[in-house]
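The values are calculated or read from the model by the stated rules, or taken from the named source; none is laboratory data. Computed from a predicted structure; not experimentally measured. Positions of Cβ are generated from backbone atoms using ideal geometry, with glycine treated the same way; all protein chains shown enter the neighbour counts. Just so you know, the surface numbers come from the protein's heavy atoms only, side chains and all, with ligands and any DNA or RNA stripped out. Shrake-Rupley method; radii C 1.70, N 1.55, O 1.52, S 1.80 Å.
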Amino acid sequence: MSQSELYDVVIVGAGPGGLSAAIYALRGALKTLLIEKAAPGGQVNLSDEVENYPGFVHVGGAELSMKFAEHARSYPLEELNDEVVAIEPGLQHHTVRTAGGRVIATHAVILATGGSPRKLGVTGEDALYGKGVSYCAVCDGFFFRGKRVIVVGGGDSACEEGLYLAKLAEQVYLVHRRDALRASMILQERVKAECKMEVIWNSVVNEIKADGDGVNAVELKDTRTGELRDMPIDGVFVFIGFVPNNQLVPAGVRLNAEGFVITDDQCRTSIPGVYVIGDLREKYARQIVLSAGDGCMAALSAAHYVEGRKAKLGAETCELPAGLMDTH
Ligand code: NAP
């Protein structure tokens, strides 16, 4: 990266939203930088199979991620494997700072940092992470072949991951706090039909217990009666939703009560030139196809915004004045 470059758009996060934004930004001839601290694909990488992305009846999560990345890389995409530590809005341009010491100037920023698994917050959960507690069936299911596990949650993730675990484990208990699942009907039907899955209704995990080898039991609490009981188990998989990765959202951007970013229908935040897409954005549903759609919308809107900025600033050459350079 040249020291005097000013980007049209910097995209933070290379999940389906970020990669889709990159495709549209590059097709719009925007000078684009995509920054990702891990592998491209985001949460999709952790899915065993994806069955609801149009054009793919069944596709592996990692395979779909790779296809998104290959598509974006078919254009002249600049990528930076680094962690963004701050986004500082400015009047002339915005600044993106990375852990690796980059200070990058850009007209527009598209933030696509998604979310992280929500934790139960019970005794034993943190201490036993990696010793029987997991947030990823595809990553850790293999270690539970022929064993008995519980999956906590009643949404799409809990059902999908539970069905995946049923292919490996001896028995999967789905522990849900109510008497009805939140998941889509097709997944509920599959859970019902899976003989290795049993739903434990109206129950929450109160504590995760262990012996020297890791998790060996959970204490369950009946949400109607308050009754407590110990249940011997080898593993606990937690899928109770996720919390937005909003640490980089600049001060002044509006968030909802749960920490998701409020945008308009072009994914614009309350700061001009700062866009938020995908699972970090407040929306009715969180789906891969919706993140991809957000990426498209934000990039098209950013193209319009950048064009206006350049016209206003007379910055056709994209040269930065001294003192505004990438200091790497
Ligand atoms: P979710 O839809 O928010 O469901 C979270 C589940 O965990 C709910 O059943 C909730 O119970 C339960 N829960 C929340 N906090 C809990 C706690 N402290 N203790 C016990 N249970 C708790 O989350 P998700 O399943 O991770 O899905 C997130 C988003 O991704 C959703 O929009 C989902 O549709 C989407 N997604 C889609 C697919 C797909 O289309 N194939 C796959 C995965 C995820 P209540 O029901 O009582 O609130």
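Could you name the lysines whose alpha carbon sits less than 29 Å from that of LYS147, not counting residues in the same chain fewer than 8 places away?
Answer for LYS147, where 29 Å is the Cα cut-off: LYS119, LYS131, LYS167, LYS192, LYS196, LYS209, LYS221, listed by chain and number.
On each of the three principal axes of the Cα atoms of the range 75-145, give max minus min coordinate, whole Å, ordered largest first.
54, 32, 20
I'd like the Karplus ³J(HN,Hα) series for the range 145-151: coefficients 6.51, -1.76, 1.60, θ = phi - 60°, whole numbers in Hz, and an x wherever there's a Gly or Pro.
In residue order, the calculated couplings are 4, x, 10, 10, 10, 10, 10 Hz.
Where Rh is the Kirkwood radius over the Cα pairs of the range 85-201, the temperature 4 °C and the viscosity 1.567 mPa s, what D in µm²/s does Stokes-Einstein return?
76
For a quick check: with amide H placed at 1.01 Å from N, whose amide H comes under 5 Å from GLU125's, ignoring anything fewer than 5 positions away on the same chain?
HN-HN under 5 Å from GLU125: ILE208.
Ranked highest first by average number of other Cβ atoms within 10 Å, how do 276-289, 9-22, 192-205 line up?
On the way: 276-289: 21.2, 9-22: 29.8, 192-205: 16.0.
Taking the mean over residues of other Cβ atoms within 10 Å, the ranking is 9-22, 276-289, 192-205.
May I have the pair-distance distribution P(r) for the chain, computed from all Cα-Cα distances with 10 Å bins from 0 and rounded to whole percent?
6, 24, 28, 20, 14, 6, 1, 0
For a label point 7 angstrom out from the Cα of GLU125 toward its Cβ, which stretches of the range 203-222 have the backbone nitrogen within less than 18 Å?
203-210, 215-222
Accessible area per residue of the chain at 1.4 Å probe, in Å²?
Per residue, the chain has 48 Å² of solvent-accessible surface.
Arranged from highest to lowest average of other beta-carbon atoms within 10 Å per residue, in what order do the peptides 253-261, 162-170 appear?
Packing proxy ranking, top to bottom: 162-170, 253-261.
Can you give me the P(r) profile for the range 31-134? Cα pairs, bins 5 angstrom wide beginning at 0, each as a whole percent.
Going from the shortest bin to the longest, the percentages are 2, 10, 15, 16, 15, 15, 12, 10, 4, 1, 0.
Estimate the FRET efficiency between LYS310 and ARG118 by the formula 1/(1 + (r/R0)^6), using the beta-carbon distance for r and 45 Å for R0, to the nearest 0.05.
0.60
May I ask you to give the percent of accessible area on the range 1-131 that is carbon plus sulfur, with a probe radius of 1.4 Å?
Roughly 52 percent of what the probe reaches on the range 1-131 is carbon or sulfur.
Could you work out how much longer the chain between ALA99 and LYS37 gets when fully extended? Use 0.36 nm per residue separation minus the Cα distance between them, nm to one decimal.
Stretched out fully, the ALA99 to LYS37 stretch lengthens by 21.4 nm.
Please find the FRET efficiency linking HIS58 to ILE262, where r is the Cβ-Cβ separation and R0 is fixed at 35 Å, and quote it to the nearest 0.05.
The computed FRET efficiency comes out at 0.50.
Taking the Cα atoms only, what angle lies between the long axis of helix 288-313 and the longest principal axis of the chain, rounded to 10 degrees?
Between the helix axis and the principal axis of the chain, the angle is about 20 degrees.
Return the whole-Å distance between the Cα centroid of the range 131-148 and the Cα centroid of the range 58-78.
Spelled out, the Cα-based centre of one part sits 27 Å from the other.
Highest mean first, how do 223-234, 180-191, 147-158 rank when packing is the count of other Cβ atoms within 10 Å averaged over residues?
On the way: 223-234: 12.8, 180-191: 15.7, 147-158: 23.1.
Ranking, from highest mean packing down: 147-158, 180-191, 223-234.
Looking at the P(r) of the range 209-325, how many percent of alpha-carbon pairs lie beyond 22 Å? Mind dumping the intermediate values first?
On the way: 3969 of 6786 pairs.
So the pairs more than 22 Å apart make up 58 percent of the total in the range 209-325.
What are the semi-axes of the equivalent ellipsoid of the range 254-295, taken as the square roots of 5 times the eigenvalues of the Cα gyration tensor, listed largest first and rounded to whole Å?
Working through the eigenvalues yields semi-axes of 16, 13, 7 Å.
With an 8 Å Cα cut-off and a minimum separation of 6 or more residues, compute the relative contact order for the range 102-252 in percent.
Averaging sequence separation for qualifying contacts and normalising by length gives 31 percent for the range 102-252.
Multiplying the sequence separation of HIS71 and CYS136 by 0.36 nm and subtracting their Cα-Cα distance, what value in nm do you get?
20.8 nm
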